[in-house]
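The values are calculated or read from the model by the stated rules, or taken from the named source; none is laboratory data. Being a predicted model, the structure only gives us computed values, none of them experimental. Methodologically, a virtual Cβ is constructed for each residue, glycine included, from the backbone with ideal geometry; neighbour enumeration extends over all protein chains shown.
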Amino acid sequence: MTHFNETQPIFLQIRQQLIEMILTSTVAEGEALPSVRQIAMDLSVNPLTVTKAYSSLVDLDVVSKKRGLGMYVAERARAKLLAHERNKFLAEDWPRIKAQIDALELDLKDLLDKGDNT
């Protein structure tokens with residue numbers, strides 16, 4: 001992820017990338033995440049921006065800091081993130097998507113048929 005969306009803070013975009021790594025099991029529970037310095041260098045961002053992304057994941061109790069060792073994926077992190085991301089989707093994204101589906105007069109069959117063809 002080297003191109004950032006200008007409408008969303010960079011730390012949130014980095015946070016989302018880390019969430020996707022955990023949800024897809026790219027980094028498993030108990031494993032170390034990339035260091036703040038490594039991500040900052042790779043993305044050409046300020047280390048404080050990366051620290052803020054990690055802090056928000058610590059607040060969700062899905063990442064833990066091991067002093068002198070780095071950041072690690074916490075136990076049950078994937079399950080916690082699934083619940084969190086599902087709730088976020090239903091509260092924030094789904095109402096907008098549902099409104100668009102209604103406005104376009106699409107039904108479930110239309111959506112499922114199109115989903116199978118892509």
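Does L18 qualify as being closer than 26 Å to R86 by Cβ and either under 14 Å from the mean Cα position of the chain (by Cα) or in contact (Cβ under 8 Å) with a residue 40 or more places away in the chain (or both)? Working first, answer last.
Details: closer than 26 Å to R86 by Cβ: yes; either under 14 Å from the mean Cα position of the chain (by Cα) or in contact (Cβ under 8 Å) with a residue 40 or more places away in the chain (or both): yes.
Considered against the rule, which asks whether it is closer than 26 Å to R86 by Cβ and either under 14 Å from the mean Cα position of the chain (by Cα) or in contact (Cβ under 8 Å) with a residue 40 or more places away in the chain (or both), L18 comes out as yes.
Specify which of the listed residues (D113, D93) is at pLDDT 90 or above and charged (D, E, K, R).
When all the criteria are applied, what remains is D93.
Quick one: T51 ticks every box in (1) in a loop (DSSP other than H, G, I, E, B); (2) in contact with a helix residue (DSSP H, G or I) (Cβ under 8 Å, 6 or more places away or on another chain) except a single one, so which number is it?
T51 satisfies all of (1) in a loop (DSSP other than H, G, I, E, B); (2) in contact with a helix residue (DSSP H, G or I) (Cβ under 8 Å, 6 or more places away or on another chain) except (1).
Taking region 1-44 as the region of interest, how many residues are assigned to a loop (DSSP other than H, G, I, E, B), closer than 17 Å to L57 by Cα and among the acidic types (D, E)?
Adding up the residues that qualify gives 2.
What pairs come up if the first residue lies in region 28-54 and is closer than 19 Å to Q8 by Cβ, the second is in a helix (DSSP H, G or I) and charged (D, E, K, R), and their beta carbons are under 9 Å apart, counting only those six or more places apart or on different chains?
Partner pairs satisfying both residue conditions: V50/R37; K52/R15; A53/R15; Y54/R15.
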